[in-house]
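Each remark here refers to the structure printed beneath this line.
The values are calculated or read from the model by the stated rules, or taken from the named source; none is laboratory data. For clarity, every value in this text was computed on a predicted model and none was experimentally measured. FYI the Cβ positions are ideal-geometry reconstructions off the backbone, even for glycines, and counts take in every protein chain you see.
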Amino acid sequence: MKPVFIDTAAFIALANAADQYHQEAVACLATLRATRAPLVTTNFILDEVYTRLQRRGGLKIAITFGEKIQASRQIRIHTVEKSLEKLAWEIFRHDTGHAFSYTDCTSFAFMRRRKICKSFTFDRDFVNFGWTVVPGKVWN
């Protein structure tokens, strides 16, 4: 089974029951777990997730969700090392007008290097860059 990259948008939808994609995110995660697809993310993504949760819901919510992710045996967290940042910088520098965030570029670099072609996200930038997304719905 090929790994699936989990992006910030999916984590935020999972963490927030009021999020418009929450139910789809929960269902998608259940499907991914049932198929035993390896789930991976990076420290850059978690930085975004924890910061957004803290700003929107407070520190306690960010810590509670973060502890669940850290304790998960199903999600592998990878560190974006210097060589990967170099590739991300090249993607960022050669952006073709989509205005991808630097964090998105680190994700794209990670996925490219690991030959991961599928991302669990609701972020249109992943589609714009050419990745397959699950569950298939993206933000406008």
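For F122, the test of being crowded, with 20+ Cβ neighbours inside 10 Å, touching a residue at least 60 places away in the same chain (Cβ under 8 Å) and either under 16 Å from the mean Cα position of the chain (by Cα) or closer than 13 Å to I45 by Cβ (or both) is passed.
Restrict the check to the range 72-90 and report whether at least one residue is surrounded by 15 or more Cβ atoms within 10 Å (Cβ to Cβ) and either at pLDDT below 95 or of a type in the set (F, W, Y) (or both). No, there is no match, as no residue in the range 72-90 is surrounded by 15 or more Cβ atoms within 10 Å (Cβ to Cβ) and either at pLDDT below 95 or of a type in the set (F, W, Y) (or both).
When the strands (runs of 3 or more DSSP E) confined to the range 27-140 are screened for residues that are β-branched (V, I, T), those reaching at least 3 such residues are found at 39-42, 132-134.
Would you mind stating whether S101 is modelled with pLDDT of 95 or more, within 17 Å of I45 (Cα to Cα), surrounded by 13 or more Cβ atoms within 10 Å (Cβ to Cβ) and out of contact with any strand residue (DSSP E or B) (no Cβ under 6 Å at 6 or more places or on another chain)? Spelling it out, it is not the case that S101 is modelled with pLDDT of 95 or more, within 17 Å of I45 (Cα to Cα), surrounded by 13 or more Cβ atoms within 10 Å (Cβ to Cβ) and out of contact with any strand residue (DSSP E or B) (no Cβ under 6 Å at 6 or more places or on another chain). Any chance the range 10-26 includes a residue that's under 16 Å from F120 (Cα atoms), of a type in the set (D, E, K, R), surrounded by 13 or more Cβ atoms within 10 Å (Cβ to Cβ) and touching a Pro at 6+ places or on another chain (Cβ under 9 Å)? There is at least one residue in the range 10-26 that is under 16 Å from F120 (Cα atoms), of a type in the set (D, E, K, R), surrounded by 13 or more Cβ atoms within 10 Å (Cβ to Cβ) and touching a Pro at 6+ places or on another chain (Cβ under 9 Å).
Among the residues of the range 28-55, those identified as surrounded by fewer than 14 Cβ atoms within 10 Å (Cβ to Cβ) and farther than 25 Å from K115 by Cα are T51, R55.
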